[in-house]
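The values are calculated or read from the model by the stated rules, or taken from the named source; none is laboratory data. In this text, all values refer to a predicted model and were calculated from it rather than measured experimentally. All Cβ positions, even for glycine, are placed from backbone atoms using ideal geometry, and neighbour counts span all protein chains on display.
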């Protein structure tokens, strides 16, 4: 499967064995698939090394918090430091499961508590009471597309989650947080299923699960900064699809993902192709994987060709559901209906994006996107232990995994969300699929650190603009 390359900044450190460490030594050396988690050229991370790597994280977090005035970035930086500590500490194989439980508990607790505290702070600073907060949602744009359900329009694209939350409650505030909790549950279930998947090694899970729970692109980011969007649900369904790969469960998860949002295809399709290539390499039957790819494409075509209501019909339905919001909803909020209406064709979306590309908000994402691509390519290539044509093919796959979700930038302005999809897609490729495609490759902590550090800088935290670069270069 894979070897994990664990290199320290100082280098040259020797592993100091103890009795328990010797037991781990024997177990690991009898299982070469995970041997170099600890034993790679005799190197290990000392406390000083960890401190050296944590200083940039803390510095960037403090500067971003001061410049952008996002208090919750502090927690994101602290979780990243904890991730680095977890990835580099020595773990006995029999404690992997217990360690994962601790990480799940830590990440979920901090995520939920920080969200509650942020909400109470918002109540205290911006509103007179909790009831006043409930009656004055921050972003009506998100509530607009929650009104587009199967109950109102029959089978319509992106209607699955609005149908569920509309069935559970008619209160728009509760619906907004139900979307968040549905995504949260699906995300966690997806990670748990991957943790139990026997097709991935212990070391792959040892890296993948902490990254998706503690890193700047993980669950804390989604739960804190993407309220009302379906991103957590889409990524969680992708995890479920991967956990059930080469079985009917994978196709079922993909179909649900496409019913939630058609953008799911830009997450799922690259990994179906990677799995197809892996099966061909291993000379295993790939007929089912071809069927899965065809099913994804056919369901996508079915979803995007469903009859659409007119813009006025969508708007009237919204006001029928949320009459109290009539005086607070403006034309900008109602633009949420354009992708769901007859007027919002693919050509219309593309031409609207062409115009948007000339604005300062759009330009604020040019630097993060381009620098992220270069950074991923640079680190994927120069931390790679293989050479020759395989190294070039590996680089091509890594860049493809990263860029494929960014195609959404051509038809949708939520660049921040697409960037998160891109980073998540690369992590999935690098940790879960790359070792199958290139069995001699090693996973480098240095590479993961460099990519996630860039994510910490570039991801915060706007949607159609990047707050940092908009602050620096916008007019």
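Being under 20 Å from residue 257 (Cβ atoms) and without any contact (Cβ under 8 Å) to a residue 60 or more places away in the chain is the filter; apply it to the range 142-158 and report the residue that is nearest to the chain's Cα centre (by Cα).
Taking the range 142-158 as the starting set, the residues that turn out to be under 20 Å from residue 257 (Cβ atoms) are 142, 145-146, 148-150, 155-158.
Checking the rest, the ones that are also without any contact (Cβ under 8 Å) to a residue 60 or more places away in the chain come to 149-150.
Numbers: 149: 25, 150: 27 Å.
Going through the qualifying residues, I end up with 149.
Could you please tell me which pairs satisfy a Cβ distance under 7 Å, a separation of 6+ or placement on different chains, a first residue in the range 322-336 that is at negative phi and touching a residue at least 24 places away in the same chain (Cβ under 8 Å), and a second residue that is surrounded by 10 or more Cβ atoms within 10 Å (Cβ to Cβ) and part of a loop (DSSP other than H, G, I, E, B)?
322/147
Hey, any hits in the range 437-445 for a residue that's part of a helix (DSSP H, G or I) and within 30 Å of residue 336 (Cα to Cα)?
no
Mind listing whichever residues of the range 126-151 are modelled with pLDDT of 60 or more and either loosely packed, with under 15 Cβ neighbours inside 10 Å or part of a loop (DSSP other than H, G, I, E, B) (or both)?
139, 147, 148, 149, 151
Looking at 462, 416, 377, 450, which one is closer than 24 Å to residue 75 by Cβ, touching a helix residue (DSSP H, G or I) at 6+ places or on another chain (Cβ under 9 Å) and modelled with pLDDT of 90 or more?
450
Examine the range 344-354 for a residue that is in a loop (DSSP other than H, G, I, E, B) and surrounded by 14 or more Cβ atoms within 10 Å (Cβ to Cβ), and state whether such a residue exists.
Checking the range 344-354: at least one residue is in a loop (DSSP other than H, G, I, E, B) and surrounded by 14 or more Cβ atoms within 10 Å (Cβ to Cβ).
What are the residue pairs meeting all of these: first residue in the range 83-99, first residue closer than 15 Å to residue 51 by Cβ, second residue modelled with pLDDT under 80 and crowded, with 16+ Cβ neighbours inside 10 Å, Cβ atoms under 7 Å, and 6 or more apart or on different chains?
88/6; 88/45
Quick check on my filter: what residues within the range 224-252 are assigned to a helix (DSSP H, G or I) and more than 11 Å from the chain's Cα centre (by Cα)?
224, 225, 237, 240, 241, 242, 243, 248, 249, 250, 251, 252
Condition check ((1) touching a residue at least 24 places away in the same chain (Cβ under 8 Å); (2) closer than 24 Å to residue 351 by Cβ; (3) out of contact with any strand residue (DSSP E or B) (no Cβ under 6 Å at 6 or more places or on another chain); (4) surrounded by 20 or more Cβ atoms within 10 Å (Cβ to Cβ)) across all residues:
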position: 411; (1), (2), (3), (4): yes, yes, yes, no
position: 417; (1), (2), (3), (4): yes, yes, yes, yes
position: 421; (1), (2), (3), (4): yes, yes, yes, yes
position: 426; (1), (2), (3), (4): yes, no, yes, yes
position: 430; (1), (2), (3), (4): yes, no, yes, yes
position: 450; (1), (2), (3), (4): yes, no, yes, no
position: 458; (1), (2), (3), (4): yes, no, yes, yes
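Filter the range 364-398 for residues that are part of a helix (DSSP H, G or I) and buried (at least 18 other Cβ atoms within 10 Å of the Cβ) and give the result.
368, 369, 372, 375, 376, 379, 380, 394, 397, 398
Mind listing whichever residues of the range 259-289 are within 18 Å of residue 190 (Cα to Cα) and not in a helix (DSSP H, G or I)?
261
Among 240, 164, which is the only one that is in contact with a helix residue (DSSP H, G or I) (Cβ under 9 Å, 6 or more places away or on another chain) and under 16 Å from residue 147 (Cα atoms)?
The unique qualifying residue is 164.
Could you identify the single residue in 402, 469 that is farther than 25 Å from residue 348 by Cβ, without any contact (Cβ under 8 Å) to a residue 40 or more places away in the chain and assigned to a helix (DSSP H, G or I)?
Criteria check complete, one pass: 402.
To keep it simple, each residue is scored yes or no on (1) within 24 Å of residue 83 (Cβ to Cβ); (2) crowded, with 21+ Cβ neighbours inside 10 Å; (3) touching a residue at least 40 places away in the same chain (Cβ under 8 Å).
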residue: 209; (1), (2), (3): yes, yes, yes
residue: 216; (1), (2), (3): yes, yes, yes
residue: 219; (1), (2), (3): yes, yes, yes
residue: 227; (1), (2), (3): yes, no, yes
residue: 239; (1), (2), (3): yes, yes, yes
residue: 250; (1), (2), (3): no, yes, yes
residue: 258; (1), (2), (3): no, yes, yes
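Here are some conditions: (1) more than 21 Å from residue 451 (Cβ to Cβ); (2) touching a helix residue (DSSP H, G or I) at 6+ places or on another chain (Cβ under 7 Å). Residue 247 meets all but one. Which one does it not meet?
(2)
Within the set of pairs 6+ apart or on separate chains, which have a first residue in the range 175-204 that is on the phi > 0 side of the Ramachandran plot and part of a loop (DSSP other than H, G, I, E, B), a second that is surrounded by fewer than 21 Cβ atoms within 10 Å (Cβ to Cβ) and modelled with pLDDT of 90 or more, and C-beta atoms under 9 Å apart?
No pair meets every condition.
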